[in-house]
Each structure stands twice: as structure tokens, then as C-alpha cells.
Amino acid sequence: MPTPAPTTSSTPRRAAVLGGNRIPFARQFGPYAEASNQDMLTAAIDGLVARYGLAGERLGEVVAGAVIKHSRDFNLARESVLGSALAPTTPAYDVQQACGTGLQAAILLANKIALGQVDSGLAGGVDTSSDAPITVSEKLRIKLLKVNRAKGAKNQLLALTGIRPTDFGIETPSNGEPRTGLSMGEHMAQTAKRWGITREAQDELAMTSHHNLAAAYDRGFQDDLVTSFRGLSRDQNLRPDSSMEKLATLKPAFGKGENATMTAGNSTPLTDGASVVLMGSEEWAAEHGLTVQAWFVDAETAAVDYVHGAEGLLMAPTYAVPRLLARQGLTLQDFDYYEIHEAFAATVLSTLKAWEDEDFCRDRLGLEAPLGSIDRSKLNVNGSSLAAGHPFAATGGRIVAALAKMLHEKGPGSRGLISICAAGGQGVVAILEGA
Amino acid sequence: MTFETLSHAPKLSRVFARAALSRSRTGDTLPDRALRLADQAIDRDHVASYQRLCGWDVNDVLPHTYPHVLGFPLQAALMGSPDFPLPLMGLVHVENVITVQRPLTADDRLGLTVHAERLAAHPKGRTVDLVTEVDVDGERVWEGRSTYLARGSGDPAAERGSQPPGIPTGFATAQWRLPADLGRRYAAVSGDVNPIHLSALTARAMGFPSAIAHGMWTYARTLSALGRAAQGPVTSHVWFRKPVLLPAAVDLVVDPEATPLVAGLRSTRTPEIEHLVLTLS
């Protein structure tokens, strides 16, 4: 019996991060108030296409998503491709994993590249908190569907008469957890209290984030990572002059009582923005004259039972990272850079504290010894979400592109760790290696 | 030719109101002056409204037809002035050519100059060209030529001007339902409050059975549907045929193989009714 020739290589190949692009992030109801998710994602794609000379190019795929989406945007990524300068023959699909969307998209693309199923692609995400979908009250929605189903004008009128003035109401999306009714901030406040995270430590992390991002802009680090959009050329939330004194004046926004520590200054604001990352095989990069910035080494996703109180909502990355380290035979200290998404300053601090805690690492993570501390000077060195803002699905792309560039500057073999927490008690983490 | 620089764009509702009240126009000469607006900053929210209404993505690149909207108040002011030989009210936009030398962005500050030329006899009356030129830092970046017809006792022997290629046949590339209030919505964005576009009642007063879509909207919508082909430095040439009576359903037909590319809009229900033919090169 003849053996069929293998169509794909049996051993996975390396997936390369070749570059990225995003539009500056804007505050809710700011300069992007009139822009839709599709407008922003298309702008981010077009900026990348222009930078890397990919106009008219057919890529293997574009994978992207948005956390808050109109039902009409069911094919958001594909519609954005059709509006972009990429070849219209580039396939695309949507994914959604809350704030992990952007990184999960990159994982999916990296895996397909590794398996030889595609040679190139874009992974990204976009979110608007301004152009939000509005839904009618559940009562009204059910009655309107009944009107729609009714056959004939008479029956439709009859169904219409069933609608009462009290049925009217509009609902906008909220960032509350469906199963607990608590906002993400309230959940985080519980975790911050459990880990004894102080107000001062949170404010310091927030201030550092602003200073680091401002410095990154000033030395031109962002020049080939960002293209301006609707008059904005830097992240609108960025406050280069952020100080402990100013942050100390803010009143707590989450948690209750005198011990409440979380303010608008050390929590991410609602923002609008989009980001994409260009990835490909080594051969595809060479054919297109593109430099490999970093290798997408491995990734892990974890989830925790936050509903019944076993774990904090945003603590899943603390579980994902040790699993990833074990698989790669690495320790937490084996990295040159750590990118821990700053959903809240307290999220980063609770995560770090958990990894240092002997009981937590033994009882929850099943480790013989704690993961230990990290060198804080390697953490979010070019700023993170507290300064840039956090348009949910766009954060993963922002981090992957920036970290890949940092690792390329650091040199071959340098390592970076990404950790992103997500609603629903999930966490997505990944390792990149400099090229 | 003399240049008259205005401090701000003339208000179109006022220009149209004055034109409606003025006596009929005669004469064989066009005003020998150009109207100019200098150093015009772009209002991003206005661009976004225009992009949304005409089917473009909202971004920082000015759509191919957008500078026409900025120059139109100057066109109307010139055509509404007492020394203009044709009446502004009732002019029919029959043809338009736009050349984009380089893509414009919302960061550019535009100089706009409008003058009239080529007053010509036509089998159905007389035509005139209004030329809009846009410059940035002294460099010409965009040029538009709008041909208007004043219906009247024409010269049967006169040439009809340039003739369009045939409208593409075959399946519709897209099908659009144009709502009854489209004219009002485009008027709100463009400022073109010509009564023939606003409502059935005001259109009937001008001799149309119902409100008609702005030609510039159908032109812009067709270009936005052509995507990348209509972006960057290209020249578009449009011939407006039968008006689109609102509300309407129209088919977009495209022949991408033709050089230059040819697109057309026709009635969905009565495909023989052609609304516009457009070439892109």
C-alpha cells in the first residue's frame, strides 16, 4: 500500500512575532466616541499594512475579537479585513475571551503557524466603551419578538397591544460578573483585602506605569508600534506628571469603609482602542524581508472557581504561570521582562504576593516551594494598562507587540512572560523569546 | 481673474433663500473672479458624519468626494451672485470629475478656490463648469469639476459634452434601500438644502414627483462601495442620469475588468432606469 506524502511537517516549526500596530487608546466618550469597533480595528490593520508594506497581500488569516460587540458585528474581523488594504482573499474569524481575547488570538495564530496550516497572519482585538450596543429590557425584547412572529397585520397589532409602558427600558453593557452581580472592581477589592495590598503600593505601581509609558514615548519606543487616529497620537489616559501626592487625593472607587484602597487612579479607566500583531513563519518573514522580533514559545490558559468563593476573580494567571513554567522547565526568575496586565494595580500586586506565599503555592498551586519574587525593575518597563488604558480585547496585542520589540532589542535568547487576567475567572499567559 | 478671499464659508441656507427670491438671470459671460477660503481646518466629527452617511469607514483619511462638500458653499455663492448668468435654483448636476493628487487627511489645512468656466450651449439648455481646487501648503492636491445644466430653450445642434461608457450589465454587486429621509440626512451633513432633496412636498413645488437623492450622495456611496480602488490618487468621472426618487431601491453594478473601471447605479425594480455611470482611473 503506497504511503501518502506528508502534506505538513510532522514537527512543529517556530512561530515568529514580526511586528505590531495599534491606535492610541482614548478615554470613554473621548476622540473615538464616534468610531465603531470596525473603524478602529480597520485603522489598526491599515497602519500595520502600511508599515510592513503588505498592501494587497493575502495573509493566512486574521483572528481578532471584541469583548463588547453589536450583534451586527458577528463577522467583525472579516468585515475589517474587507475594509482594509489587505487582499480581500484573506480569511478572518472572531474570538472572544474577555480581556484575554487579544492574547488568545495570538496563541491560536501561533499554533496554526507552528503546525504549518498558515504561514502568516494578524492577531488582534478592539473594544469600544463609547459606541456601546444598547439593548431593550428583557420583557420588551420578548414581546417584540412575539410581534415579529405574529402572522398578518391583525395578529401583529394584537401582539403590540401586549406591550406596557413599564416594559420600556434600555440597557447598556456593564462590567459586572453575570453570576455574582459584583463589578470587577468589587471582586478585586475583596482579593486586595485578602492579600493585604496597601493603597500606597497600588498608587506607586500606577505612578510607575505612567512614568514608564511616558518615557517610552519620549525615547521613540512607540514610534513603530502606534499610528495616530482621529487626532490622537499618544494614549489619552497617560499622565506623565503622575505623582504619589496627586494619586493620594483620589477617593476610593471600589470596596467599602476606611480600608478601601482602590481608586480611579490605580484602576484602569474605560477606554476605546484597537491593536494587531503580525506573525508568521521564519520562511515567510524572510521572503517578505521582515525581521523576526521574537518567537512565540508557549502559552497556557487557566480558570478558577470565583463564583463559590474558592478564588479571587482575577487570580487565574497565578495558576496558569506555574503550569507553563513546569512545561518549559523554567523558573519564575528566568525572565528578562514581565508583562503583567494592570487591570488594577492590586491585581499585579496580589499576583506577585501569591507567588511569594508558601501556603498559597503549596495548597493552591500544589508546588513544593513558592515561585518566589521577581526583580521589580523588569516589570512593565514601558508602562502598562494603568497608563495606556485597557480597551479589553486590544490589550493582548499591545503587550505582545511591545514585548517582542523589547526582546529583540535585548537580543537573542532573552525571555519575556505575559500574564493577563480576564472576566469569568480566567487567565491567559504566554512566553516569548527574543530573536 | 480676480481672487476674493472670504473669511468663512457662506451659509448655504441663506444663499438658497436669496436665490429663490431673486429675479431671473440672463447674460453670456461668467463672473471673472474666484472665491477662496484659506487655511481651513478639518472638523473630524463632520468628516465622521459624512463617512458614516456615505458608507466609508470612520478614519482620518478624507473621502475622495469630501472636499467637494467643503467647496460647495463657494460654488453656490458664486452661482447665486447677481452677475452669474444662470439661475442657481433649478440647476441640475449632470457631470462631475474629481482628481485626487494625494490622499488628504484630517490633519491637513486646506485652501479652497472656486471659479466658473466653460459656459456652453446644450441641446436641453446651457451648461457651466464650476471648478474647485484644493491646495495644501501651496501644492495642488485635489481638483473637482462640476457640470451643471440650466434647463431652457437649448440649441439642438450643440454638442452634448462627454459621453459615458455603457452601464455594466449583469448581476448587482450590491443592493441598497434608500430611505425617504435620505435627502434630509445628507442635507444636514453637506448643507445642501436644495428643496428638491428635502421632502416630497418641496420637491413637487420644483416639478419632481418626490424628493430626489443628492447626486453627490449616490456618487459618494458608489465610490465607498468600490473600496480600495477609490482610495489614493485616482480620477473619478461621474455622469448623473435619471434622478433617484426617494424612497428607492437601487442596484450597484460594477465591471472590474474594464479599463478604466466602470460602475453604475440602476433601479432595482426597473433595471432600465439608470441613475449614474462612473469611471475610475
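The values are calculated or read from the model by the stated rules, or taken from the named source; none is laboratory data. What you are looking at is a predicted structure, and each value in this text was computed from that prediction instead of being measured. With ideal geometry, Cβ positions are generated from the backbone for all residues, glycine too; neighbour counts draw on all protein chains shown. Remember, those area values only see protein heavy atoms, side chains included, never the ligands or the DNA or RNA. Shrake-Rupley method; radii C 1.70, N 1.55, O 1.52, S 1.80 Å.
What does the helix-only formula give at 222 nm for the protein assembly as shown: each DSSP H stretch with n ≥ 4 adding -39500 (n - 2.57), the total divided by the residues, and the result rounded to the nearest 500 deg cm²/dmol?
-9000 deg cm²/dmol
Tally Lys and Arg at +1 and Asp and Glu at -1 over the other residues with C-beta under 12 Å from the C-beta of A:Y93: what net charge comes out?
-1
In Å³ and rounded to a whole number, note down the convex hull volume per residue for the Cα atoms of the stretch B:166-281.
In the stretch B:166-281, the Cα convex hull volume per residue is 102 Å³.
Provide, for q = 0.16 Å⁻¹, the log10 of I(q)/I(0) from a solvent-free Debye sum over equal Cα point scatterers in the stretch A:167-218.
For the stretch A:167-218 at q = 0.16 Å⁻¹, log10 I(q)/I(0) is -0.72.
Within chain B, which is the longest segment containing none of the GluC sites (Glu not before Pro) that sit in a DSSP loop and have at most 12 other Cβ atoms within 10 Å?
Longest site-free region, per DSSP loop and neighbour criteria: B:1-158.
Shielding by partners for B:47-57, please: the mean number of other protein chain Cβ atoms within 10 Å of each residue's Cβ.
For peptide B:47-57, the averaged partner shielding equals 3.
Give me the mean projected area, in nm² to one decimal, of the convex hull enclosing the Cα positions of chain B.
Over every viewing direction, the Cα hull of chain B projects on average to 14.3 nm².
Put one equal scatterer on each alpha carbon of the stretch A:171-320, apply the Debye formula with no solvent term, and list log10 I(q)/I(0) at q = 0.09, 0.12 1/Å to two decimals.
-0.45, -0.77
What's the center-to-center distance, using Cα atoms, between the stretch A:178-250 and the stretch B:28-78 in Å?
Cα centroid of the stretch A:178-250 versus Cα centroid of the stretch B:28-78: 40 Å apart.
Rolling a 1.4 Å sphere over the protein heavy atoms, what is the accessible area per residue of chain B, to the nearest Å²?
45
Identify which of A:D218, A:D131, A:D357 has the largest mean-square fluctuation in a Gaussian network model of chain A, with springs joining Cα atoms closer than 10 Å.
Taking springs between Cα atoms under 10 Å, the residue moving most is A:D218.
Going through the stretch B:107-182, which chymotrypsin sites (Phe, Trp or Tyr not before Pro) have at most 14 other Cβ atoms within 10 Å and a DSSP loop state?
Filter output for the stretch B:107-182: B:F171.
At a probe radius of 1.4 Å, figure out the A/B buried accessible area, summed over both chains, and give it in Å² to the nearest 100.
1000
Please enumerate, by chain and number, the aspartates and glutamates with C-alpha under 19 Å from the C-alpha of A:K139, excluding those fewer than 8 residues away in the same chain.
Straight-line reach from A:K139, under 19 Å: A:D167, A:E171.
Above 29 Å lies some portion of the pair distances; for the stretch B:52-211, what is it as a whole percent of all C-alpha pairs?
The calculated P(r) of the stretch B:52-211 puts 28 percent of pairs beyond 29 Å.
Using alpha carbon centroids, what distance separates the stretch B:179-204 and the stretch A:257-302, in Å?
After rounding, the separation between the Cα centres reads 47 Å.
How many angstrom lie between the C-alpha centres of the stretch B:229-281 and the stretch A:12-82?
30
Accessible area per residue of the stretch A:40-108 at 1.4 Å probe, in Å²?
34
Taking only C-alpha pairs under 8 Å that are 6+ residues apart, what is the relative contact order of chain A in percent?
Answer for chain A is 26 percent.
Take peptide B:221-228, look around each residue's Cβ out to 10 angstrom, count Cβ atoms belonging to other protein chains, and average those counts.
Taking the mean over all residues of the peptide, I get 2.
Quick one: Karplus J couplings for the stretch B:46-63, per residue in order, coefficients 6.51, -1.76, 1.60, θ = phi - 60°, nearest Hz, x for Gly and Pro?
Per residue, the Karplus-derived 3J(HN,Hα) values read 5, 4, 4, 4, 5, 4, 4, 5, 9, x, 8, 5, 7, 8, 8, 8, 6, x Hz.
What pairs from A:K69/B:K242; A:K251/A:K353; A:K69/A:K410; A:K246/A:K378; A:K69/A:K112 go past 28 Å between their alpha carbons?
A:K69/B:K242; A:K69/A:K410
Over all residues in A:229-235, what is the mean tally of Cβ atoms on other chains that come within 10 Å of each residue's Cβ?
Counting Cβ atoms of other protein chains within 10 Å of each residue's Cβ and averaging gives 3.
At a cut-off of 20 Å², which residues of the stretch A:52-98 become less accessible once all protein chains are present than in their chain alone, using a 1.4 Å probe?
A:G83, A:A85
Take chain A, mark every one of the trypsin sites (Lys or Arg not before Pro) that falls in a DSSP loop and has at most 10 other Cβ within 10 Å, then report the longest stretch left between them, sites excluded.
A:257-435
If only Cα atoms are counted, what is the Rg of the protein assembly as shown, and what is its Dmax, in Å?
In Å, with Rg to one decimal and Dmax whole: 30.0, 100.
Could you tell me what percent of the accessible area of chain A is made up of carbon and sulfur, with a 1.4 Å probe and every protein chain present?
52
Which lysines, if any, have their Cα less than 19 Å from the Cα of A:K151, not counting same-chain residues under 8 positions apart?
Output for A:K151: A:K143.
If you filter the stretch A:306-383 for GluC sites (Glu not before Pro), then keep DSSP loop positions with at most 15 other Cβ within 10 Å, what is left?
Listed in order of number, the matching sites are A:E368.
Carbon-plus-sulfur fraction of the accessible area of the stretch B:166-281, 1.4 Å probe, in percent?
The C+S portion of the solvent-accessible surface of the stretch B:166-281 is 57 percent.
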